[in-house]
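Colleague: Below: one structure in structure tokens.
Values in this text are rule-based calculations from the coordinates and carry no lab data. The structure displayed is predicted, hence computed values, not measured ones. All Cβ positions, even for glycine, are placed from backbone atoms using ideal geometry, and neighbour counts span all protein chains on display.
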Amino acid sequence: MAMDRQAAWELLCEYTQSDGLRKHGLAVEAVMRHFARRRGEDEEAWAIAGLLHDFDYERWPDEHPQRGADVLRARGLPEASVVAILGHADFTGVPRETPMANVLFAVDELTGFITAVALVRPNRRLDEVEPASVRKKMKDKAFARSVNRDDITNGAAQLGVDLDAHIAEVIEAMRPVAAELGLAG
């Protein structure tokens, strides 16, 4: 049986104690749902892949996401979603051959970076974040230094979209869950 959203959330919470990493999963879930809707794809499948893409990171940081893939398969996540999750990091060597995989790669680092930008805004609100402020912070290598800027730019390029337009769309996709992300002020 395929995994539903409630089972995915429970799995995320079972393996992930960090509030920040859970919120990251929620952000990527919302953005994946948005892109699936725009592309006429399966919103639930894309959203669940987004929610779970880092579920195993705290438990097995040196074996993420490979170790988690076995858990996901055992819990009934469809293989296309597992492969997309495996491909969200270049170091796995798993090629991104589906729209889901390409979008997951393109939004993962960017959602984290946008969150970091919102958190340093005066009112800690996602509504205050614009593509120009994200691009400006991308130039500051000391800011959110763990975020891979190359993944952000390469992700947009792999989707064939302008980086500023991509940033704007990801911000827009995150806005409906701003309160859940702690970014509503």
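Colleague: Could you list all residues from region 84-117 that are touching a residue at least 60 places away in the same chain (Cβ under 8 Å) and polar (S, T, N, Q)?
Modeller: Listed by number, the residues that qualify are Thr111, Thr115.
Colleague: Report yes if some residue within region 53-70 is hydroxyl-bearing (Ser, Thr, Tyr), in contact (Cβ under 8 Å) with a residue 24 or more places away in the chain and more than 18 Å from Thr115 (Cβ to Cβ); otherwise report no. Can you show your working first?
Modeller: First, pick out the residues of region 53-70 that are hydroxyl-bearing (Ser, Thr, Tyr): 57.
Narrowing further to those that are in contact (Cβ under 8 Å) with a residue 24 or more places away in the chain: 57.
Next cut, more than 18 Å from Thr115 (Cβ to Cβ) only: none.
Within region 53-70, none of the residues are hydroxyl-bearing (Ser, Thr, Tyr), in contact (Cβ under 8 Å) with a residue 24 or more places away in the chain and more than 18 Å from Thr115 (Cβ to Cβ).
Colleague: With the condition kept exactly as written, say whether any residue in region 161-168 is under 25 Å from Pro99 (Cβ atoms) and of a type in the set (Gly, Ala, Ser).
Modeller: Of the residues in region 161-168, the ones under 25 Å from Pro99 (Cβ atoms) are 161-168.
Filter once more, so that each one left must be of a type in the set (Gly, Ala, Ser): 165, 168.
Yes.
Colleague: Among the residues of region 104-117, count how many are farther than 15 Å from Arg33 by Cα and buried (at least 19 other Cβ atoms within 10 Å of the Cβ). Explain how you work it out, then say what you get.
Modeller: Residues of region 104-117 that are farther than 15 Å from Arg33 by Cα, as a first pass: 109-110, 112-117.
Still in the list and also buried (at least 19 other Cβ atoms within 10 Å of the Cβ): 109-110, 112-115, 117.
Adding up the residues that qualify gives 7.
Colleague: Can you name the residue in region 81-103 that is surrounded by fewer than 16 Cβ atoms within 10 Å (Cβ to Cβ) and either of a type in the set (A, V, I, L, M) or closer than 18 Å to Asp150 by Cα (or both) and, of all such residues, is nearest to the chain's Cα centre (by Cα)?
Modeller: Asp90
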